[in-house]
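Participant: Can you read through this structure? Questions will come right after.
The values are calculated or read from the model by the stated rules, or taken from the named source; none is laboratory data. Keep in mind that what you see is a predicted model, and the values were worked out from it rather than measured. Neighbour counts run over all protein chains shown; Cβ positions are idealised from the backbone, glycine included. We work out accessible area using only protein heavy atoms, side chains counted, and drop any ligands, DNA or RNA first. Shrake-Rupley method; radii C 1.70, N 1.55, O 1.52, S 1.80 Å.
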Amino acid sequence: MSSALLLAGALVMTGCSNGDQTPAAGGGGGGGGGEVEKVGLMLQDISNPFFASMQASMEAAAEADGFELNVQDGRQDLGTQNDQIDAFIQQGMDLILLNAVDSDGIASGVARAQAAGIPVVAVDVDAAGAQAAVTTDNVKAGELACQALVDKMGGAGNILVVEGTPTTAPQDRVKGCEGVLAENPDIKVLARQAGKNDRDSGLTLTTDMLTANSDVQGIFAINDPEALGASLAVQQAGRTGVVITGVDGSPEAVKALQDPASDFWASAAQDPGGMAVKALEVGREIVAGNAPTERVTLLDPTIVTKDSVSDYKGW
């Protein structure tokens, strides 16, 4: 069996795919005369509803437009994503849409794909070396969620910050929040820890921070899974009067916002499905030889609170 087939088989076994994939005889893709016939979509963690929404929108696009889609779950592991890029090269993908688990660490994989003639477009988080990126304006998302927290707290009190993985989106959301906090000196950050962008790490880290800090009125988390984990930690600790905000506008967050008993107050909503489709559009243009005017395309988030959730259409 050829090394290309071995790599392709390993890829199917270790990730998610939308159907049978036939590897190319050799590496390299990059358009086949400017046409996009084979697309590789790499996601950080398909168990996260945000990325599952991206997958669903791309599967719908593939069915409508007739291109072959191979979806891979990075499982929040940089080595796994590097292996997936190598397999995509062997399969001769025309385009890779990359949702990196490490924005800087994936640079060598991006370079290998490009050396093989395969354009790479980063989606949701930027990736070093990618020809283009399509993301939410994550600084603004952090500002919106943090401002909602400050407003609900009346501009004063102590908060915890649950950060995320070393990718641009979580980092930019923290930057946005820090900008809001700089203008509200009566809000004090008692502790901050970086999670894995999931509910479990939000629960664990918040539990630890609550144990060490008895006087907490608010929590800012970089996404909804961590925020919902933080909410569970607050409940388990028997704390009351704690306001929690996140980012995503996920279906789970909507349920929490609709629950009068929940301490989840607000989420800066994104459009993951629309983001993935926009990245595909940008990637097609690159394959056709048309580089985007701006390398990074930013999509605007919107704030959703308990007061406004009834007007929110969701994903």
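Participant: When you look at Glu59, is it over 25 Å from Asp126 (Cβ atoms), of a type in the set (Asp, Glu) and modelled with pLDDT of 95 or more, yes or no?
Facilitator: Against the criterion (over 25 Å from Asp126 (Cβ atoms), of a type in the set (Asp, Glu) and modelled with pLDDT of 95 or more), Glu59 does not qualify.
Participant: Let me ask another. Take the range 68-77 and flag every residue that is surrounded by fewer than 18 Cβ atoms within 10 Å (Cβ to Cβ) and within 24 Å of Ala116 (Cα to Cα).
Facilitator: Asp77, the sole residue that qualifies.
Participant: Further question: Quick test of your reading of the structure: Cys177 fulfils all but one of (1) farther than 25 Å from Gly74 by Cβ; (2) touching a residue at least 40 places away in the same chain (Cβ under 8 Å); (3) within 24 Å of the chain's Cα centre (by Cα); (4) surrounded by fewer than 22 Cβ atoms within 10 Å (Cβ to Cβ). Name the failing condition by number.
Facilitator: In the conditions (1) farther than 25 Å from Gly74 by Cβ; (2) touching a residue at least 40 places away in the same chain (Cβ under 8 Å); (3) within 24 Å of the chain's Cα centre (by Cα); (4) surrounded by fewer than 22 Cβ atoms within 10 Å (Cβ to Cβ), Cys177 misses (4) alone.
Participant: Turning to a different aspect of this structure: Among the residues in the range 135-145, are any open to solvent by 20 Å² or more (accessible area, probe 1.4 Å), farther than 23 Å from Met275 by Cβ and out of contact with any Leu (no Cβ under 7 Å at 6 or more places or on another chain)?
Facilitator: no
Participant: Can you spot a residue in the range 39-56 that is modelled with pLDDT of 95 or more, touching a Leu at 6+ places or on another chain (Cβ under 7 Å), assigned to a helix (DSSP H, G or I) and under 20 Å from Arg284 (Cα atoms)?
Facilitator: Taking every residue of the range 39-56 in turn, at least one turns out to be modelled with pLDDT of 95 or more, touching a Leu at 6+ places or on another chain (Cβ under 7 Å), assigned to a helix (DSSP H, G or I) and under 20 Å from Arg284 (Cα atoms).
Participant: Further question: Here are some conditions: (1) within 18 Å of Ile286 (Cα to Cα); (2) part of a strand (DSSP E or B). Val71 meets all but one. Which one does it not meet?
Facilitator: (1)
Participant: Among the candidates Ala182, Ala194, Ala128, which residue alone is closer than 20 Å to Gln44 by Cα, of a type in the set (A, V, I, L, M, F, W, C) and surrounded by fewer than 18 Cβ atoms within 10 Å (Cβ to Cβ)?
Facilitator: Ala128
Participant: Just name the residue that is surrounded by the most Cβ atoms within 10 Å (Cβ to Cβ) out of those in the range 57-67 that are out of contact with any helix residue (DSSP H, G or I) (no Cβ under 7 Å at 6 or more places or on another chain) and either of a type in the set (A, V, I, L, M) or not in a loop (DSSP other than H, G, I, E, B) (or both).
Facilitator: This residue is Ala62.
Participant: Related question: What are the residue pairs meeting all of these: first residue in the range 232-259, first residue of a type outside the set (A, V, I, L, M, F, W, C) and modelled with pLDDT under 95, second residue buried (at least 23 other Cβ atoms within 10 Å of the Cβ) and not in a helix (DSSP H, G or I), Cβ atoms under 7 Å, and 6 or more apart or on different chains?
Facilitator: Within 7 Å, no pair qualifies.
Participant: Check Ala156 against each of (1) open to solvent by 10 Å² or more (accessible area, probe 1.4 Å); (2) touching a helix residue (DSSP H, G or I) at 6+ places or on another chain (Cβ under 6 Å); (3) over 30 Å from Leu69 (Cα atoms) and name the one condition it does not meet.
Facilitator: Going through (1) open to solvent by 10 Å² or more (accessible area, probe 1.4 Å); (2) touching a helix residue (DSSP H, G or I) at 6+ places or on another chain (Cβ under 6 Å); (3) over 30 Å from Leu69 (Cα atoms) one by one, Ala156 breaks only (2).
Participant: Determine whether the range 249-267 contains at least one residue that is within 17 Å of Val125 (Cβ to Cβ) and of a type in the set (A, V, I, L, M, F, W, C).
Facilitator: no
Participant: Count, please, the residues in the range 275-315 that happen to be open to solvent by 50 Å² or more (accessible area, probe 1.4 Å), free of Cβ contacts under 8 Å to residues at least 60 places away in the same chain and of a type in the set (Val, Ile, Thr).
Facilitator: So the count comes out to 1.
Participant: With a cut-off of at least 1 residues that are under 27 Å from Glu59 (Cβ atoms), name the strands (runs of 3 or more DSSP E) lying wholly within the range 205-315.
Facilitator: The strands (runs of 3 or more DSSP E) meeting that bar are 243-248, 264-269, 296-299, 302-305.
Residues checked against (1) modelled with pLDDT under 95; (2) open to solvent by less than 10 Å² (accessible area, probe 1.4 Å); (3) in a loop (DSSP other than H, G, I, E, B):
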| site | (1), (2), (3) |
| --- | --- |
| Gly33 | yes, no, yes |
| Asp83 | no, no, no |
| Phe88 | no, yes, no |
| Ile118 | no, yes, yes |
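Participant: Determine whether Val101 is closer than 30 Å to Arg173 by Cβ and over 14 Å from the mean Cα position of the chain (by Cα).
Facilitator: no
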